[in-house]
Structure formats: C-alpha cells, structure tokens
1. Among the residues in segment 112-123, are any over 25 Å from V45 (Cβ atoms), in contact with a His (Cβ under 7 Å, 6 or more places away or on another chain) and outside any loop (DSSP other than H, G, I, E, B)?
2. Just to be sure, is H211 touching a helix residue (DSSP H, G or I) at 6+ places or on another chain (Cβ under 9 Å) and of a type outside the set (A, V, I, L, M)?
3. With the condition kept exactly as written, say whether any residue in segment 197-212 is within 16 Å of the chain's Cα centre (by Cα), at pLDDT 95 or above and closer than 20 Å to T16 by Cβ.
4. Looking at I204, I226, can you tell me which residue is of a type in the set (V, I, T) and free of Cβ contacts under 8 Å to residues at least 24 places away in the same chain?
5. Considering only residues that are among the charged types (D, E, K, R) and out of contact with any His (no Cβ under 8 Å at 6 or more places or on another chain), look in segment 133-149 and name the one that is nearest to Q91 (Cα to Cα).
6. Out of everything in segment 181-238 that is among the aromatic types (F, W, Y) and closer than 21 Å to I135 by Cβ, what residue ends up being surrounded by the fewest Cβ atoms within 10 Å (Cβ to Cβ)?
7. Based on this model, can you work out whether T93 counts as of a type in the set (V, I, T), touching a His at 6+ places or on another chain (Cβ under 9 Å) and at pLDDT below 95?
8. Check R64 against each of (1) surrounded by 15 or more Cβ atoms within 10 Å (Cβ to Cβ); (2) modelled with pLDDT of 95 or more and name the one condition it does not meet.
Amino acid sequence: MAKKLLLGVNIDHIATLRQARLEKFPSVIQAARVCEKAGAAQITVHLREDRRHIQDHDVFELKRIISGQLNLEMACYDEIVNIACRLRPRQATLVPEKRREVTTEGGLDVVKNFNAVAGTVEKLQKKKIRVSLFIDPDLEQVEMALRTGAEFIELHTGSFANAASKAKAQKELMKLIDASVFANALGLGVNAGHGIDYNNIKSILKIPHMHELNIGFSIIAESLFIGLDKAVKKMIKLMKQYKG
C-alpha cells in the first residue's frame with residue numbers, strides 16, 4: 001500500500017507581498033484557509049529575526065484559526081525560541097538564518113552547533129512541540145540530529161533543485177535517498193523541502209520514507225496564474241504518485 005505523503009504549504013511569500021506595501025492584504029489567514037480547504041495538511045511559516053515577511057501576530061492568529069498542523073520554521077535565537085514556546089505549534093523546524101540571504105541557503109550545521117541546537121530542541125520539547133531539523137543530506141548531520149533528541153529531520157533539497165546538470169542532479173538525488181534511508185534506520189522521521197516545484201517533484205518522489213514535503217515558492221508562483229486553490233491541488237495530485 002502506498003504511503004500517503006503530506007503537503008505543508010509555506011505561505012511566507014503571501015506575507016512578502018503584503019509587507020512590500022505594509023498593507024493588511026493579501027491576508028496570510030485567508031491564504032491558510034484556502035490551502036487547507038484544497039487539501040494541505042500543514043501550514044508552514046518562517047518567523048525570521050528581521051521579520052521580513054511573517055510577523056508575530058501572524059503566527060498566533062494562524063495557530064488560532066487553522067484546523068490542521070502549524071509548522072514554525074525558526075532559527076535558534078532566544079527571542080524566537082521564547083515566542084515558539086508561547087505559541088506551541090505542532091512542529092518547529094530549526095533552520096539556519098542569515099540576514100542578507102534571499103532565502104535559506106543550506107542546511108543547519110548540527111555538528112558545528114550541536115550544543116545550541118540540542119538546547120533549543122530540549123526547550124521546545126518541554127512545551128510538547130515536535131522538533132524537526134532542516135539539514136543537508138549528510139550522514140554525519142543525520143546522526144548528530146538524532147543525538148539532539150529531535151524527532152524529525154527535513155532534508156534540504158535545494159542542491160538537487162539547483163543542480164546545473166542532469167549528472168549533478170542525479171548525484172544530489174542519491175545523497176537525499178541515502179540520507180533518508182539512514183535516518184529511517186535510526187528511527188528519525190523524514191521530511192523534505194526547498195526548491196521543490198511541479199517539474200522536479202517526480203524525482204523528489206523517489207526519496208523513500210518521507211512523511212511530508214514543505215513547499216512554498218513554486219505553489220505561490222503558480223497561484224498567480226491559476227489561483228491558490230488549484231495550485232495546491234495540482235501539487236497534491238502529483239504527490240499522490242508517491243510509493244514510499
């Protein structure tokens with residue numbers, strides 16, 4: 001029996017458009033409702049230190065109104081950790097964060113930052129928050145993620161998505177597959193995200209043992225032409241081909 005792969009829709013770019021004019025619209029609340037009605041199992045937002053898109057009030061209102069899961073992407077900053085502990089989303093995904101980056105540039109270095117990551121995991125879990133670590137498909141990073149006590153990893157698929165050749169893409173895909181197999185053997189849940197779109201999703205579905213995909217930019221971009229409801233449904237339809 002095929003394993004059902006869940007979709008988490010990242011709605012940060014709805015807030016990006018809103019903040020471009022400092023308006024009250026487009027509404028991330030309305031976007032979340034449309035995504036859930038279209039079949040999204042999870043709403044994902046990244047509360048950045050610089051608040052470039054999602055704002056504090058957004059996350060608390062989203063927690064209040066959505067019927068499914070809220071996945072809060074966040075760095076290990078004390079201010080954001082404290083907000084997460086008050087918010088208590090179903091899942092917190094720890095990511096690296098640089099002020100000047102356009103988007104997240106790579107996975108969290110759990111090996112180098114083990115103590116900080118493990119301490120944050122512990123704080124969040126005390127509030128009954130499930131923790132996922134956004135990491136590159138590196139076996140040492142996977143093993144250290146397990147040692148932090150996190151329940152899940154989210155494999156950074158950006159290197160695969162941005163590969164300049166088919167040969168490079170295949171090499172990166174094999175890294176993702178190997179990391180997922182290894183994580184599953186260790187008892188970690190496996191999620192994936194970054195750079196996944198309607199064209200490369202077929203290859204992404206070759207990664208075994210996945211629980212959820214978190215996809216934002218490609219869905220929001222497609223929604224400009226076909227509407228958010230149809231864009232979400234289009235991705236879910238493709239994901240139904242997943243064999244696990």
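The values are calculated or read from the model by the stated rules, or taken from the named source; none is laboratory data. Remember, it's a predicted structure, so these values are computed and weren't measured experimentally. So basically every Cβ, Gly included, is an ideal-geometry build from the backbone, and we count neighbours across all protein chains shown.
1. Within segment 112-123, the subset over 25 Å from V45 (Cβ atoms) is 112, 114-115.
Subset that is in contact with a His (Cβ under 7 Å, 6 or more places away or on another chain): none.
Checking segment 112-123: not a single residue is over 25 Å from V45 (Cβ atoms), in contact with a His (Cβ under 7 Å, 6 or more places away or on another chain) and outside any loop (DSSP other than H, G, I, E, B).
2. Details: touching a helix residue (DSSP H, G or I) at 6+ places or on another chain (Cβ under 9 Å): no; of a type outside the set (A, V, I, L, M): yes.
Taking the combined requirement at face value, the residue does not satisfy it.
3. yes
4. On the way: I204 fails: free of Cβ contacts under 8 Å to residues at least 24 places away in the same chain.
Result of the check over I204, I226: I226.
5. To start, the set of residues in segment 133-149 that are among the charged types (D, E, K, R) comprises 136, 138, 140, 143, 147.
Among the residues that remain, those that are also out of contact with any His (no Cβ under 8 Å at 6 or more places or on another chain) are: 138, 140, 143, 147.
Details: D138: 22, E140: 23, E143: 20, R147: 18 Å.
The residue in question is R147.
6. The selected residue is F217.
7. Working: of a type in the set (V, I, T): yes; touching a His at 6+ places or on another chain (Cβ under 9 Å): yes; at pLDDT below 95: no.
When the stated conditions are applied, T93 does not pass them.
8. Of everything listed in (1) surrounded by 15 or more Cβ atoms within 10 Å (Cβ to Cβ); (2) modelled with pLDDT of 95 or more, R64 misses just condition (1).
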